[in-house]
Amino acid sequence: MVSPVTMRAVRTMGAVPNSEFLLEVEGVRKAFPGVVALDGVSFRLKRGSVHALMGENGAGKSTLMKIIAGVYTPDTGSFKLRGNEIELNSPLDALENGIAMIHQELNLMPFMTVAENIWIRREPKNVFGFVDHGALRKKTAELFARLNIRIDPEINVGDLSVANRQMVEIAKAVSYESDVLIMDEPTSALTEREVEHLFQIIRALKAEGKGIVYITHKMNELFEIADEVSVFRDGRYIGTHQAGDVTRDDIIHMMVGREITQMFPKEEVPIGDVVLSVRTLTLKGVFHDISFDVRAGEILGIAGLVGSGRSNVAEALFGVTSATSGEIAINGKTVDIRTPAIAMRNGMAFLTEDRKDTGCFLVLDILENMQMAVLRDKYVKRGFVSEVEVARECERMRQALRIKTPDLNERIENLSGGNQQKVLIGRWLLTRPRILILDEPTRGIDVGAKAEIHRLISQLASDGVAVIMISSEMPEVLGMSDRIMVMHEGHVTGFLDRAEASQVKIMELAAQ
Ligand SMILES: Nc1ncnc2c1ncn2[C@@H]1O[C@H](COP(=O)(O)OP(=O)(O)OP(=O)(O)O)[C@@H](O)[C@H]1O
Ligand SMILES: [Mg+2]
């Protein structure tokens with residue numbers, strides 16, 4: 001046993017050179033009101049290695065990493081960096097000690113340029129003490145060249161796609177030249193090609209001897225990029241293995257303590273009449289001549305690369321933006337959907353892909369976030385609403401989706417990423433839509449909850465809802481869709497029936 005006195009002695013002895021581990025944490029506990037997020041957790045990160053962290057939504061992965069990155073202070077626990085005991089008091093403190101974190105929810109300033117975002121509070125200054133914009137541009141260009149990133153440093157971050165924002169975050173973290181890099185679900189908004197790009201960057205950083213913590217819900221990524229994997233469950237540390245020594249099923253078993261076999265259980269249901277009919281829908285410069293039908297009980301998958309216009313079409317259908325020409329009909333009647341309120345009155349629901357920008361109201365609590373669409377909808381219809389009844393339905397939804405929270409009056413901001421996503425899914429399911437549009441519905445959702453959400457979507461379809469599902473995850477598109485519409489650069493390049501669809505065929509149509 002090590003007494004506190006000897007621990008202090010180690011600390012004053014100074015550096016222990018060439019410790020095998022960059023980072024060692026032990027016995028970390030962290031409680032929030034009503035939740036023990038971490039309970040006696042240990043974690044060690046080697047030099048020149050990629051260490052994956054896996055666990056269900058709410059298992060404590062982000063919390064542990066935020067402790068390591070100086071965002072939270074643990075209630076108990078010891079922390080060694082390069083063999084030396086250390087205490088971090090702020091994210092800046094962590095950065096100065098060589099620890100950088102890319103957060104699960106992106107943190108860039110939309111009204112600042114890419115370059116300004118990356119060098120914020122570290123801008124090169126000229127002799128008068130003002131920001132030296134020439135030097136700023138040059139530094140950014142050099143950083144991007146090193147990482148092989150092609151984004152204009154002068155553009156406002158608000159004008160970038162989610163994927164490009166993600167790349168900027170990654171570049172920013174690398175720019176600190178830290179030797180511990182924490183990536184919290186970095187690929188949730190990236191397509192396969194961009195993921196490959198990120199993996200090249202990670203391999204290069206690894207070769208430089210850096211340690212990378214990689215949080216993900218995607219098994220294939222684990223086996224492609226990780227050297228080691230640690231699994232957490234309910235705030236507890238379950239174990240660490242070499243990635244080569246374990247199978248997908250071993251990991252799932254460690255994560256959830258049970259087997260999950262049925263991943264994409266789309267039921268065969270009779271397909272009904274056309275509910276939504278879209279003809280030559282066009283938004284100049286964004287998408288062109290989009291025509292398709294969706295029937296009751298049908299799940300239409302939309303595949304394509306990020307930037308192919310999939311989300312833009314969904315936004316136009318829901319009245320977030322207005323198409324320049326074309327026609328939308330619901331149950332055979334032409335409708336002019338100029339606003340989301342009109343879309344909702346016509347029985348539509350839309351889960352957006354960007355949880356932070358357009359989905360969650362972070363300052364509101366879970367209940368308020370969940371009942372928002374219903375209250376509005378019912379208000380429009382009937383002019384009154386029973387809040388008690390709505391609250392009861394929200395509680396039912398919480399149980400069905402297994403949202404991990406002590407109660408519904410918790411601020412949504414305090415939920416884990418995957419659990420925030422579940423609240424938003426709940427919000428739209430509560431409206432009992434006839435047309436449900438889902439943009440990347442299971443982003444950031446763990447394997448177990450994913451199966452549950454797929455089951456819910458499938459059940460809605462069998463109740464006669466027409467579902468449109470945009471997804472970048474091939475197994476999800478292939479497993480859930482009755483039909484797949486593929487888009488490329490704002491055009492529909494083809495339709496595939498469930499029986500004939502394959503990953504190769506989708507990629508051929510998506511990449512052209
Ligand atoms: N600031 C906070 N206030 C209150 N509770 C919190 C806070 N941050 C996290 N929690 C709770 O701690 C638990 C662990 O959350 P954490 O974000 O670490 O999970 P995670 O493993 O990263 O999950 P996910 O895969 O969904 O991102 C959850 O129950 C969460 O609601
Ligand atoms: Mg998380």
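The values are calculated or read from the model by the stated rules, or taken from the named source; none is laboratory data. Everything quoted here is computed from the prediction, not taken from an experiment. Every residue, glycine among them, receives a Cβ derived from its backbone with ideal geometry; neighbour counts consider all protein chains shown.
Conditions (1) closer than 29 Å to PHE111 by Cβ; (2) at pLDDT 90 or above, marked per residue:
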site	(1), (2)
PHE318	yes, yes
THR321	yes, yes
MET348	no, yes
GLY359	yes, no
LEU367	no, no
LYS378	no, no
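Number of residues in the stretch 384-404 that are polar (S, T, N, Q) and modelled with pLDDT of 85 or more: the value is 1.
Here ILE302 passes the criteria (1) among the β-branched types (Val, Ile, Thr); (2) more than 30 Å from ALA449 (Cα to Cα); (3) under 29 Å from the mean Cα position of the chain (by Cα) except the one numbered (2). On the stretch given as the stretch 203-235, residues that are part of a helix (DSSP H, G or I) and closer than 18 Å to MET65 by Cα total 1. Can you confirm whether the stretch 248-255 contains a residue that is crowded, with 18+ Cβ neighbours inside 10 Å, within 16 Å of ligand 2 (Cβ to nearest atom), closer than 27 Å to GLU192 by Cα and within 27 Å of the chain's Cα centre (by Cα)? Scanning the stretch 248-255 turns up at least one residue that is crowded, with 18+ Cβ neighbours inside 10 Å, within 16 Å of ligand 2 (Cβ to nearest atom), closer than 27 Å to GLU192 by Cα and within 27 Å of the chain's Cα centre (by Cα). The numbered conditions (1) over 19 Å from VAL229 (Cβ atoms); (2) modelled with pLDDT of 95 or more; (3) among the small types (Gly, Ala, Ser) are all true for GLY40 except (2). Of the listed requirements (1) surrounded by 22 or more Cβ atoms within 10 Å (Cβ to Cβ); (2) within 27 Å of VAL35 (Cβ to Cβ); (3) more than 16 Å from ligand 2 (Cβ to nearest atom), GLU185 misses just one: (3).
Number of residues in the stretch 74-93 that are more than 24 Å from the chain's Cα centre (by Cα) and either among the acidic types (Asp, Glu) or under 28 Å from LEU160 (Cα atoms) (or both): the value is 5.
Does LYS66 qualify as being on the phi < 0 side of the Ramachandran plot, within 16 Å of ligand 2 (Cβ to nearest atom), without any contact (Cβ under 8 Å) to a residue 60 or more places away in the chain and assigned by TED's automatic domain parsing to the domain that holds TYR214? Quick ask: steps written out before the conclusion?
On the way: on the phi < 0 side of the Ramachandran plot: yes; within 16 Å of ligand 2 (Cβ to nearest atom): yes; without any contact (Cβ under 8 Å) to a residue 60 or more places away in the chain: yes; assigned by TED's automatic domain parsing to the domain that holds TYR214: yes.
The answer is yes for LYS66.
Against the conditions (1) outside any helix (DSSP H, G or I); (2) modelled with pLDDT of 85 or more; (3) more than 28 Å from ASP293 (Cα to Cα), ASP407 satisfies every one except (2).
For LEU198, state whether it is over 30 Å from ASP439 (Cβ atoms), away from ligand 2 (no atom under 16 Å from the Cβ) and in a helix (DSSP H, G or I). In short, no. Scan the stretch 50-77 residue by residue and report those that are part of a strand (DSSP E or B) and buried (at least 18 other Cβ atoms within 10 Å of the Cβ). Selection gives VAL50, HIS51, ALA52, LEU53, MET54, GLY77.
Yes or no: the stretch 410-425 includes at least one residue that is away from ligand 1 (no atom under 12 Å from the Cβ), within 30 Å of ALA329 (Cα to Cα), in a loop (DSSP other than H, G, I, E, B) and in contact with a Leu (Cβ under 9 Å, 6 or more places away or on another chain).
First, pick out the residues of the stretch 410-425 that are away from ligand 1 (no atom under 12 Å from the Cβ): 424-425.
Going one step further and asking which of them are within 30 Å of ALA329 (Cα to Cα), we end up with 424-425.
Imposing the further condition that a residue be in a loop (DSSP other than H, G, I, E, B) reduces the set to none.
No, the stretch 410-425 contains no residue that is away from ligand 1 (no atom under 12 Å from the Cβ), within 30 Å of ALA329 (Cα to Cα), in a loop (DSSP other than H, G, I, E, B) and in contact with a Leu (Cβ under 9 Å, 6 or more places away or on another chain).
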